[in-house]
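Enquirer: Mind having a look at this structure? Questions to follow.
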Amino acid sequence: MPTYEQPFPEIRGVEATFWAEAARGRLVVQRCRVCRAWVHYPRISCPQCAAADPEWVAMSGRGTVYSFTVVHRAGTSAFRGEEPYTVAIVALAEGPRLMTNVVECPPEAVAVGMPVRVAFRPVSDEIAVPVFRPA
Ligand SMILES: [Zn+2]
(Lines give C-alpha, C1' and ligand atoms only; values in the text may rest on other atoms or scores of the structure.)
Protein backbone atom coordinates (compact mmCIF):
# COMPACT_ATOMS: atom_id res chain seq x y z
CA MET A 1 0.00 0.00 0.00
CA PRO A 2 1.44 3.40 -0.94
CA THR A 3 2.20 5.78 1.87
CA TYR A 4 -0.76 8.02 2.56
CA GLU A 5 0.33 11.50 3.63
CA GLN A 6 -3.03 13.28 3.68
CA PRO A 7 -5.11 13.73 6.84
CA PHE A 8 -7.08 10.66 7.91
CA PRO A 9 -10.80 10.77 8.64
CA GLU A 10 -11.45 11.13 12.35
CA ILE A 11 -13.83 8.36 13.33
CA ARG A 12 -15.44 9.30 16.62
CA GLY A 13 -19.12 8.45 16.54
CA VAL A 14 -21.98 7.55 14.24
CA GLU A 15 -19.75 7.86 11.16
CA ALA A 16 -18.03 4.61 12.18
CA THR A 17 -20.65 2.69 10.16
CA PHE A 18 -19.92 4.76 7.04
CA TRP A 19 -16.19 4.02 7.29
CA ALA A 20 -16.62 0.35 8.22
CA GLU A 21 -18.81 -0.18 5.15
CA ALA A 22 -16.42 1.79 2.93
CA ALA A 23 -13.57 -0.44 4.08
CA ARG A 24 -15.64 -3.37 2.76
CA GLY A 25 -16.19 -1.59 -0.57
CA ARG A 26 -19.74 -0.48 0.15
CA LEU A 27 -21.07 3.06 0.01
CA VAL A 28 -23.83 3.74 2.52
CA VAL A 29 -25.77 6.90 3.33
CA GLN A 30 -28.25 7.55 6.13
CA ARG A 31 -31.94 8.15 5.53
CA CYS A 32 -34.49 9.46 8.01
CA ARG A 33 -36.95 6.78 9.10
CA VAL A 34 -39.69 9.42 9.55
CA CYS A 35 -39.46 12.07 6.76
CA ARG A 36 -37.28 9.95 4.39
CA ALA A 37 -34.74 12.79 3.88
CA TRP A 38 -31.20 11.74 3.06
CA VAL A 39 -28.76 12.51 5.83
CA HIS A 40 -25.16 13.02 4.82
CA TYR A 41 -22.66 13.60 6.52
CA PRO A 42 -23.56 10.95 9.13
CA ARG A 43 -25.52 12.25 12.12
CA ILE A 44 -27.39 10.89 15.13
CA SER A 45 -30.59 12.67 14.09
CA CYS A 46 -32.30 14.02 10.99
CA PRO A 47 -31.42 17.66 10.20
CA GLN A 48 -34.87 18.12 8.61
CA CYS A 49 -37.21 16.79 11.31
CA ALA A 50 -34.91 15.92 14.24
CA ALA A 51 -36.01 12.26 14.31
CA ALA A 52 -33.36 10.12 15.95
CA ASP A 53 -31.34 7.27 14.54
CA PRO A 54 -31.49 7.53 10.73
CA GLU A 55 -31.19 4.16 8.99
CA TRP A 56 -28.23 3.18 6.80
CA VAL A 57 -29.00 2.55 3.13
CA ALA A 58 -26.65 0.91 0.61
CA MET A 59 -26.03 3.05 -2.45
CA SER A 60 -25.51 1.71 -5.97
CA GLY A 61 -22.26 3.66 -6.31
CA ARG A 62 -23.51 5.29 -9.49
CA GLY A 63 -23.84 9.05 -9.81
CA THR A 64 -23.06 12.15 -11.81
CA VAL A 65 -20.81 15.11 -11.20
CA TYR A 66 -23.03 17.83 -9.74
CA SER A 67 -20.28 20.42 -9.34
CA PHE A 68 -16.51 20.44 -9.16
CA THR A 69 -13.37 22.49 -8.88
CA VAL A 70 -9.82 21.75 -9.90
CA VAL A 71 -7.19 22.43 -7.26
CA HIS A 72 -3.99 23.76 -8.81
CA ARG A 73 -2.39 24.99 -5.59
CA ALA A 74 -2.94 22.87 -2.52
CA GLY A 75 -4.11 24.75 0.55
CA THR A 76 -2.02 22.61 2.89
CA SER A 77 1.32 20.90 2.55
CA ALA A 78 -0.38 17.50 2.92
CA PHE A 79 -1.77 17.78 -0.61
CA ARG A 80 1.24 19.38 -2.32
CA GLY A 81 2.44 17.32 -5.22
CA GLU A 82 -1.05 15.96 -5.89
CA GLU A 83 -2.08 18.97 -7.97
CA PRO A 84 -3.93 19.34 -10.17
CA TYR A 85 -6.73 17.29 -8.60
CA THR A 86 -10.49 17.43 -8.79
CA VAL A 87 -12.73 18.03 -5.80
CA ALA A 88 -16.32 17.33 -6.73
CA ILE A 89 -19.82 17.08 -5.39
CA VAL A 90 -21.31 13.89 -6.79
CA ALA A 91 -25.08 13.43 -6.97
CA LEU A 92 -25.69 9.76 -6.29
CA ALA A 93 -28.30 7.97 -8.41
CA GLU A 94 -30.42 7.57 -5.26
CA GLY A 95 -30.39 11.33 -4.63
CA PRO A 96 -27.94 12.30 -1.91
CA ARG A 97 -24.85 14.32 -2.75
CA LEU A 98 -21.40 13.95 -1.31
CA MET A 99 -18.07 15.70 -1.58
CA THR A 100 -15.33 13.54 -3.02
CA ASN A 101 -12.55 13.40 -5.57
CA VAL A 102 -12.84 12.42 -9.22
CA VAL A 103 -9.85 10.20 -10.00
CA GLU A 104 -8.44 8.37 -13.01
CA CYS A 105 -9.58 11.27 -15.19
CA PRO A 106 -7.63 14.36 -16.28
CA PRO A 107 -9.17 17.40 -14.54
CA GLU A 108 -9.81 19.06 -17.91
CA ALA A 109 -12.01 16.11 -18.89
CA VAL A 110 -14.29 16.38 -15.83
CA ALA A 111 -17.69 17.95 -16.61
CA VAL A 112 -20.91 18.65 -14.79
CA GLY A 113 -23.29 15.78 -15.52
CA MET A 114 -20.50 13.30 -16.21
CA PRO A 115 -21.47 9.77 -15.12
CA VAL A 116 -19.19 8.41 -12.40
CA ARG A 117 -18.94 5.31 -10.30
CA VAL A 118 -17.57 4.89 -6.79
CA ALA A 119 -14.19 3.35 -6.10
CA PHE A 120 -12.46 2.97 -2.76
CA ARG A 121 -8.97 4.27 -2.15
CA PRO A 122 -7.43 2.26 0.69
CA VAL A 123 -5.36 4.50 2.96
CA SER A 124 -4.84 2.15 5.92
CA ASP A 125 -5.91 -1.33 7.04
CA GLU A 126 -9.14 0.13 8.41
CA ILE A 127 -9.91 3.06 6.12
CA ALA A 128 -10.81 3.29 2.44
CA VAL A 129 -11.85 6.69 1.12
CA PRO A 130 -14.72 6.73 -1.39
CA VAL A 131 -13.67 8.43 -4.63
CA PHE A 132 -15.29 8.42 -8.05
CA ARG A 133 -14.00 7.59 -11.51
CA PRO A 134 -15.65 7.98 -14.91
CA ALA A 135 -18.38 5.36 -15.45
ZN1 LIG B 1 -36.47 13.44 9.10
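Enquirer: Which residues, counting only those in the stretch 33-65, are surrounded by fewer than 16 Cβ atoms within 10 Å (Cβ to Cβ), more than 16 Å from the ligand (Cβ to nearest atom) and among the hydroxyl-bearing types (Ser, Thr, Tyr)?
Expert: Selection gives Ser60 alone.
Enquirer: Follow-up question, since we're still on this one. Just give me the residues in the stretch 10-29 being within 16 Å of the ligand (Cβ to nearest atom) and either closer than 16 Å to Phe132 by Cβ or in contact with a helix residue (DSSP H, G or I) (Cβ under 8 Å, 6 or more places away or on another chain) (or both), in sequence order.
Expert: Val29
Enquirer: Whether any residue in the stretch 67-76 is surrounded by fewer than 17 Cβ atoms within 10 Å (Cβ to Cβ), within 15 Å of the chain's Cα centre (by Cα), more than 13 Å from the ligand (Cβ to nearest atom) and not β-branched (Val, Ile, Thr) is what I want to check.
Expert: yes
Enquirer: So which residues in the stretch 1-19 are in a helix (DSSP H, G or I) and in contact (Cβ under 8 Å) with a residue 24 or more places away in the chain?
Expert: Thr17, Phe18, Trp19
Enquirer: Scan the stretch 92-130 for residues that are surrounded by fewer than 18 Cβ atoms within 10 Å (Cβ to Cβ) and under 12 Å from Met59 (Cα atoms) and jot them down.
Expert: Correct list: Ala93, Glu94, Gly95, Arg97, Arg117.
Enquirer: Residues being of a type in the set (A, V, I, L, M) and in a strand (DSSP E or B): count how many of those fall in the stretch 38-90.
Expert: Total satisfying the criteria: 11.
Enquirer: Can you tell me which residue among Ala50, Ala58 is modelled with pLDDT of 95 or more and either closer than 18 Å to Val131 by Cα or of a type in the set (D, E, K, R) (or both)?
Expert: Ala58
Enquirer: Return the residues of the stretch 91-135 that are of a type in the set (A, V, I, L, M) and not in a loop (DSSP other than H, G, I, E, B); say none if nothing qualifies.
Expert: Ala91, Leu92, Leu98, Met99, Val102, Ala109, Val116, Val118, Ala119, Ala128, Val129, Val131, listed by residue number.
The values are calculated or read from the model by the stated rules, or taken from the named source; none is laboratory data. Not measured: the values here are computed from a predicted model. Glycine gets a Cβ as well: all are built from the backbone with ideal geometry, and neighbour counts include every protein chain shown.
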